[in-house]
Amino acid sequence: MSIHQTSKTIILAIAVLSLSLTTIGCSLKGQDSPSPNQSKSVPTTPNPTAQDLAVPKYKYLFVIVEENKAYDQIIGSPNTPIINKLAQTYGLATNFFGEVHPSEANYVAMLGGSTFGIHDDAPYDAKASSLGSHGVEHTIKERSLLDQLEEKGLTWKGYFEDIPSPGYKGTAYPNHIDALYASKHNGFINFKKVQDTPQELAKLVGIAQLTKDLKSGNVPNYSHIILNQCNEMHGLSRCSNFSKVIRTGDTMVGKIVAQITSSSLWSSPDNNAIIITWDEDDGRQPYQGCCGYEPNSSANFGGGHIPTIVITNHGPRGIKDNTPYNHYSLLRTTEDAFGIQEYMNYAGDTKDGVKPMTPLFATKAN
């Protein structure tokens with residue numbers, strides 16, 4: 001073996017040892033930006049574990065995504081009484097993480113099981129050549145959860161507050177300075193199949209459609225519910241007061257949850273759930289991540305410790321789950337809940353700690 005090869009072997013051994021010492025599957029990294037290494041390849045795999053098989057089947061999953069707040073800014077905060085009440089009443093994942101900073105790639109990860117190298121908020125149609133030496137294509141040609149759902153005969157939809165029309169392909173509305181709607185918070189539009197197919201684009205609708213769908217019973221099996229940037233805790237120049245933005249987000253989440261839980265589907269015998277999660281934390285803390293993350297990657301280095309609450313109609317009450325999870329874990333759980341045992345990309349990375357959120361989705365029948 002050459003000296004060069006020996007050095008590489010020693011360096012690799014040290015790196016593996018360092019990762020093995022990580023506590024509870026998670027890690028803290030320094031504030032310096034991580035190096036722009038390529039993400040490792042994790043193939044989409046059909047490898048259900050006993051925990052996967054224990055996830056009950058669900059009919060409807062509603063995912064409400066809030067913005068840029070750390071766990072300690074929400075849980076226990078006087079600014080979020082409604083969310084804290086929901087966390088106490090239903091299920092709280094106390095050790096949940098984003099994948100990267102800033103926002104866009106976290107939304108993509110929820111659907112594709114990978115950030116696909118995205119590590120900025122560039123437009124979804126941005127070309128790698130326009131983004132510098134470490135830029136990547138922001139239009140994703142690979143399969144996603146959306147394909148998996150459709151192959152199972154299941155439906156999906158994205159509800160977006162202030163999107164001006166169904167299937168809108170602009171990146172901001174009404175403008176980039178005052179962007180109530182922002183495509184960087186719409187992971188669906190990053191996928192080429194959605195961009196190129198009118199029938200898919202038509203599933204990107206205004207949030208008022210949620211009220212109509214709940215009333216008619218024409219609800220998709222899987223949905224994202226995204227409020228505008230003043231109502232999802234992100235903030236804009238017109239809504240920049242920190243405490244007020246959080247309180248407003250809390251109120252809006254409460255209204256959406258009440259709307260769903262008062263609908264007829266919530267009292268049906270079918271299993272249904274509402275997941276309230278955040279894309280990333282506010283960036284105050286050193287980089288934090290878990291579960292298939294790569295500390296030295298520019299696009300999968302950990303997006304911080306964030307709250308995630310699971311509200312079920314027939315599931316557990318008053319549970320706190322301290323298992324390390326992230327959006328890859330949520331995707332794997334979603335696949336299990338819909339009977340899809342093909343895990344997209346990092347959602348299948350069990351050897352690095354990705355596992356389903358089984359305790360939070362269990363039902364009395366289990």
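So the check is Cβ under 6 Å with 6+ separation or different chains; which pairs have a first residue in region 187-213 that's surrounded by 13 or more Cβ atoms within 10 Å (Cβ to Cβ) and a second one that's in a loop (DSSP other than H, G, I, E, B) and among the polar types (S, T, N, Q)?
So the pair list comes out as Phe191/Ser144; Lys192/Thr139.
Here is a list: Ser77, Ser129. Which entry is small (Gly, Ala, Ser), surrounded by fewer than 24 Cβ atoms within 10 Å (Cβ to Cβ) and not in a loop (DSSP other than H, G, I, E, B)?
Ser129
Across region 237-248, which residue is most open to solvent (accessible area, probe 1.4 Å) among those that are in contact with a Cys (Cβ under 9 Å, 6 or more places away or on another chain) and closer than 21 Å to Ile75 by Cβ?
Thr248
Can you name every residue in region 350-359 that is under 16 Å from the mean Cα position of the chain (by Cα) and open to solvent by less than 30 Å² (accessible area, probe 1.4 Å)?
If the condition is that a residue be under 16 Å from the mean Cα position of the chain (by Cα) and open to solvent by less than 30 Å² (accessible area, probe 1.4 Å), then Val354, Pro356, Met357 are the ones that fit.
Does Gly112 satisfy the criteria of being crowded, with 16+ Cβ neighbours inside 10 Å, touching a Ser or Thr at 6+ places or on another chain (Cβ under 8 Å), farther than 22 Å from His234 by Cα and at pLDDT 95 or above?
Spelling it out, Gly112 is indeed crowded, with 16+ Cβ neighbours inside 10 Å, touching a Ser or Thr at 6+ places or on another chain (Cβ under 8 Å), farther than 22 Å from His234 by Cα and at pLDDT 95 or above.
Got a number for residues in region 155-166 being crowded, with 17+ Cβ neighbours inside 10 Å and either without any contact (Cβ under 8 Å) to a residue 60 or more places away in the chain or part of a loop (DSSP other than H, G, I, E, B) (or both)?
Final tally of qualifying residues: 3.
Can you say whether Ile140 is within 20 Å of Glu232 (Cβ to Cβ), more than 13 Å from the chain's Cα centre (by Cα) and of a type in the set (Val, Ile, Thr), as far as the supplied structure shows?
The answer is no for Ile140.
Taking region 252-287, which residues are of a type in the set (A, V, I, L, M, F, W, C) and either in a strand (DSSP E or B) or surrounded by 15 or more Cβ atoms within 10 Å (Cβ to Cβ) (or both)?
Within region 252-287, Met252, Val253, Ile256, Val257, Ile260, Leu265, Trp266, Ala273, Ile274, Ile275, Ile276, Trp278 qualify.
If Val136 passes every condition in (1) out of contact with any helix residue (DSSP H, G or I) (no Cβ under 7 Å at 6 or more places or on another chain); (2) crowded, with 19+ Cβ neighbours inside 10 Å; (3) assigned to a loop (DSSP other than H, G, I, E, B) but one, which one does it miss?
(1)
Report every pair of residues separated by at least 6 positions or lying on different chains whose Cβ atoms are under 8 Å apart, first residue within region 85-101 and under 30 Å from Phe301 (Cα atoms), second assigned to a helix (DSSP H, G or I) and open to solvent by 20 Å² or more (accessible area, probe 1.4 Å).
Listed pairs, sorted by first residue: Gly91/Pro359; Thr94/Tyr71; Asn95/Ile24; Phe96/Tyr71.
The values are calculated or read from the model by the stated rules, or taken from the named source; none is laboratory data. In this text the structure is predicted, and so the values were computed from the model without any measurement. All Cβ positions, even for glycine, are placed from backbone atoms using ideal geometry, and neighbour counts span all protein chains on display. Ligands, DNA and RNA are excluded from the accessible area calculation, which covers all protein heavy atoms including side chains. Shrake-Rupley method; radii C 1.70, N 1.55, O 1.52, S 1.80 Å.
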